[in-house]
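Rule-based calculations on the coordinates, nothing more; no lab input. Not measured: the values here are computed from a predicted model. No Cβ is skipped: glycine too gets one built from the backbone with ideal geometry, and neighbour counts run over all protein chains shown.
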Amino acid sequence: MIAQWDSLLERVRLRDRLALARAISLLERNPELGHDLDIERSRQALVVAVAGPPGAGKSTLLGALASEMTRRDATVAILAFDPISPRSGGAILGDRIRMLESAHHPQVFVRSLAARDPYGAGTPQLPTLLALLDAYGFDFIFLESVGAGQEASPLVQVADVVLLVLVPGLGDSIQTLKAGVLELADIVVVNKADRPGAEDVVRDLSAYYRLIAESPESAPPILRAIASAGEGVTEIAEALIELRDRRAAAGIPEQHREEQAARSWEVRVRHRCHLLITELLNEFLAEDRGTGRWRALEARFYRELAQRLQVLAESIRADSD
Ligand SMILES: Nc1nc2c(ncn2[C@@H]2O[C@H](COP(=O)(O)OP(=O)(O)O)[C@@H](O)[C@H]2O)c(=O)[nH]1
Ligand SMILES: [Mg+2]
């Protein structure tokens, strides 16, 4: 399997799309693969987390943005993270993204992935996935979560920049948003500008950033858009290209690289622990539902958890030898 992975990786570096798709599938089944890849990442791609409430138009905007980027000869990867719905067991993908996917545009790669964590935000393989897409040589990698998206999710943590999509009529407007994501935003889009109240949101956001920004230049641009009509998309593409160019010119500071590597590691460890505990807990609960014997099982639960952690530790040691 390692040999298969290595040969796929070689082909990915030569921009072989089929190999890329296969490598992602292999990685989905084998989270341990590509362990060190994220450390080696050249990071020429700009990784953009797209955050915002469900229904804000993130998928629609991404479809329009991808088209705009390809007109500028840029290559784009879109990863859509869908929570595993207990009812359907399946995944949902925005219509516009689905359209792109089926159009087989040579410059756009779209993949929908199942998110197995409570934030609806990814998989333990996320850092490796990004490294893989980076190795292929994409200019932009967009990450969309269909989770609540208003908090600092793991997607935001691994991204280079955060594109926040908001809409008119957010109740008490920006007060309803968790502060974290507003502060992390590098570009803010007020989408559905065809609806009443768009200017109110723009005004509230401007006031907010005037208050918190250290200098006017450090406040994110606030752009209006009507994603469904493709309006305002050029400006968003230009803002992203400018961010990318500025980062490329400045070089990536060593400290930032270290921070990214540490965060990638944190995301992976968090997910692994979460999965391990959840799976074991589900097994115990299924075994004992309704009998009340679970109280007595607690000690056994911890013993078994320790054993599984031991197995995980061994597999990781074997992998890095
Ligand atoms: N009126 C209006 N509707 C839009 C706009 N952008 C997207 N929509 C619609 O909003 C709905 C949700 O869009 P979607 O992209 O799936 O949102 P997501 O959940 O944030 O990905 C869809 O029915 C879109 O057609 C816009 O600018 N104006
Ligand atoms: Mg969506």
> Using a basic spin-label model with each label point 7 Å from the Cα along Cα→Cβ, how many nm lie between C273 and E235?
Replying inline: 4.4 nm
> Order of 52-65, 204-217, 229-242, 154-167 by packing, highest average Cβ count within 10 Å first?
Replying inline: 154-167, 52-65, 229-242, 204-217
> Quick one: which of 303-314, 129-140, 272-283 comes out on top by average Cβ neighbours within 10 Å, and what's the full order, highest first?
Replying inline: 129-140, 272-283, 303-314
